[in-house]
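> One structure coming up, written as structure tokens, with questions to follow.
Values quoted throughout were computed directly from the atomic coordinates according to the rules given, and no laboratory measurement underlies them. Quantities reported herein were computed from a predicted structural model and do not represent experimental measurements. Positions of Cβ are generated from backbone atoms using ideal geometry, with glycine treated the same way; all protein chains shown enter the neighbour counts.
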Amino acid sequence: MKQSILLKSLFVFCLFTVLVACEQQKKKVINFPTTDLSAENLIPKPLKITPTNSAFGLDKNTSIHTSENASGFPEVGQFLAEKIKWQTNLDIPVNTTESPTLERIIFINQSDSTEISSKEGYDLYITQDSVILNAKTAEGAFRGVQTIRQIIPEISNDTLAENKMWLIPTGKITDSPNFEYRGSMLDVARHFFSVEDVKKYIDILAYYKINTLHLHLTDDQGWRIEIKSWPKLTEVGGRSEVGGGEGGFYTQEDYKEIVAYAAKHYITIVPEVDMPGHTNAASVAYPFLNGNGKTPKIYTGTQVGFSTFDTRKDTVYAFIDDVVREISAITPGPYFHAGGDESHVTKKKDFIYFVSKIDKIVKKHGKRMIGWDEIVHADIDTTAIAQFWANEKNAKLAVEKGLKVILSPGKKAYLDMKYDTLSKHGLDWAGLIPVDTGYIWTPERYVQGINKEHILGVEAPLWSETISNIDELEYLAFPRMIGYSELSWSKEENRDWENYKIRLGNQAPYLDKMDVKYYPSPLIEWKKSKYTYKTIDKD
């Protein structure tokens with residue numbers, strides 16, 4: 001199989017090399033200016049960059065070709081063509097040999113090279129005539145495409161050719177991720193966010209090589225996912241939110257649309273149903289679930305810890321089995337997040353009993369359970385994953401029990417914390433997190449005794465108590481989320497605040513073109529963009 005892939009790739013590459021060589025003889029030689037690929041504003045920073053100081057001229061005579069019979073590769077090529085159109089207004093053909101003016105190619109190639117160390121790794125070779133992206137999988141090719149997108153300049157150089165040309169620096173990039181799991185969490189329970197809002201968030205996350213979006217779908221204030229066997233969850237529990245708004249929910253078709261859109265961007269959706277605490281909305285819909293001895297009522301506040309499921313009723317577990325079954329059936333990813341945090345009114349022995357039962361239900365439906373770090377006190381399988389957010393002792397206990405850990409320390413990675421005392425949105429219970437504080441920490445050594453081999457990855461949660469629309473979401477998420485992408489992708493030796501803050505400032509043109517209402521931190525010198533028709537909040 002590998003030999004077949006290699007032979008096909010070599011044949012296709014040789015064919016296009018000949019075509020390019022012929023065309024090069026027909027056209028006049030272009031004297032490209034000196035470039036430096038290593039000075040490009042790439043985020044996250046690649047593993048290794050070797051510049052060769054010339055340029056590839058992206059113009060209307062460029063075409064994209066892919067390994068056609070490799071699963072997902074033609075689609076990645078089409079994705080790149082769409083993004084080039086968005087960035088430059090160039091229509092670049094994909095997998096066609098009909099162009100009479102073929103001069104330069106972008107070749108996205110399935111490779112079995114031993115230099116590519118992971119499924120998300122890639123090699124990128126850029127010369128004056130070709131851009132060759134090698135990857136073992138379409139997922140790796142997709143990550144490499146984000147690098148190509150980032151090195152296409154904002155404006156063209158009209159002086160080098162009769163037609164507009166975007167000059168891409170030449171050289172080689174070798175790259176692969178530091179952590180397997182690189183995520184963000186979005187709380188759609190406290191305030192609801194539409195399918196289109198989530199899609200836009202996915203667009204930006206994918207650009208920075210994030211591969212996981214954790215959706216916090218249920219809480220005291222609202223239940224946001226349709227469960228067909230328990231319709232009142234959304235009919236009743238989905239009609240409220242913090243502050244008394246109308247709430248909302250995703251039908252299963254809506255959720256499938258989000259999952260499919262994420263999959264196109266090689267992002268895994270992790271659904272969370274928080275339990276046994278944070279369950280008031282479910283108990284309002286079905287009071288038999290309630291375990292705190294009080295009559296459940298619609299709740300629109302922000303205090304936590306007062307709700308719990310009844311952990312000793314078989315009917316509660318039958319309900320949970322239905323919920324996990326229906327959501328798992330429409331979630332192709334390997335994970336199911338079962339919450340487990342801040343269940344203050346659940347007796348400890350009941351909490352331990354409950355989490356142990358839920359772990360078995362999640363495994364029964366073919367998923368690995370993720371839970372907030374409190375779950376480690378239960379008798380759970382080593383396939384479960386503990387998400388460290390508050391208690392270092394819990395994180396260490398997870399490692400002692402053989403569990404992998406996701407790092408989401410509130411003091412460093414919570415996107416809902418204010419940047420500073422003047423921030424319009426956010427909380428401050430974990431402290432203020434300006435852009436530098438969010439970046440300057442080392443996940444591999446953040447908790448003593450938890451080393452890289454124990455860490456599945458890094459996730460930055462965005463709780464929505466203080467935000468209610470996409471503009472406010474973007475204000476808290478960006479630019480900090482961009483830094484978390486580098487902390488989770490780039491090797492420790494390649495992470496440096498002084499270098500990063502320059503590259504971050506140069507992300508402004510992309511963020512402006514995407515109409516992202518990011519917080520323009522005064523710690524960063526933001527590049528002025530030609531996209532002046534977009535506005536951002538400068539307060």
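> Taking neighbour counts of Cβ atoms within 10 Å as a proxy for exposure, in what order, fewest first, do W441, W166 appear? Kindly include the intermediate steps, with their values, before the conclusion.
Values: W441 17, W166 21.
In increasing order of surrounding Cβ atoms, one gets W441, W166.
> While we're on this one: How high is the relative contact order of segment 181-496, in percent, counting Cα pairs under 8 Å that sit 6 or more residues apart?
18 percent
> With both bridge residues required to lie in the chain, what share of the DSSP beta bridges run antiparallel, to the nearest 5%?
Roughly 30 percent of the beta bridges in the chain run antiparallel, per DSSP.
> So what is the relative contact order for the chain, in percent, with contacts set as C-alpha pairs under 8 Å and at least six apart? Please list the in-between numbers first.
Working: 1165 pairs, mean separation 66.8, N = 539.
With pairs under 8 Å counted, the relative contact order is 12 percent.
> Okay, next question. Let me see the P(r) profile for the chain: every Cα-Cα distance counted, bins of 10 Å, each bin given as a percent of all pairs.
4, 18, 27, 24, 16, 8, 3, 1, 0
> Give me the one-decimal nm value for the distance between modelled label points at N499 and N391, 7 Å along each residue's Cα-to-Cβ direction.
Between N499 and N391, the label points sit 3.9 nm apart.
> For the Cα atoms of the chain, what angle does the longest principal axis make with the long axis of helix 348-364, in degrees from 0 to 90, nearest 10?
50 degrees
> Is it possible to state the helix-based mean residue ellipticity at 222 nm for the chain, with each DSSP H run of 4+ residues giving -39500 (n - 2.57), the sum divided by total residues, to the nearest 500 deg cm²/dmol? What is it? Don't skip to the answer; put the middle values down first.
Details: 16 runs with 175 residues, N = 539.
When only DSSP H runs of four or more count, the value is -10000 deg cm²/dmol.
> Only counting other Cβ atoms within 10 Å, I'd like Y439, Y125 sorted with the fewest neighbours first.
Listed from fewest to most nearby Cβ atoms, that is Y125, Y439.
> Using a 7 Å offset from the Cα along the Cα-to-Cβ direction at both K528 and V304, what is the distance between the two label points in nm, to one decimal?
4.4 nm
> Ok, one more. Please report how far the C-alpha centroid of segment 294-322 lies from that of segment 152-200, rounded to the nearest whole angstrom.
So the two Cα centres are separated by 41 Å.
> If you line up the long axis of helix 195-207 against the longest principal axis of the chain, both from Cα atoms, how many degrees apart are they, to the nearest 10?
50 degrees
> By counting other Cβ atoms within 10 Å of each Cβ, how are R182, R445 ranked from fewest to most?
The most exposed by this proxy come first: R445, R182.
> Across every pair of different alpha-carbon atoms, what Kirkwood hydrodynamic radius in Å does segment 431-495 reach?
13.3 Å
> Averaging over all projection directions, find the projected area of the Cα convex hull of segment 181-496 and quote it in nm² with one decimal place.
Quarter of the Cα hull surface area: 14.5 nm².
> Between rounded, prolate and oblate, where does segment 68-131 land on the alpha carbon gyration tensor, with a ≥ b ≥ c its root eigenvalues, rounded for a/c under 1.5, else prolate if a/b exceeds b/c?
Taking the square roots of the gyration eigenvalues as a ≥ b ≥ c, segment 68-131 is prolate.
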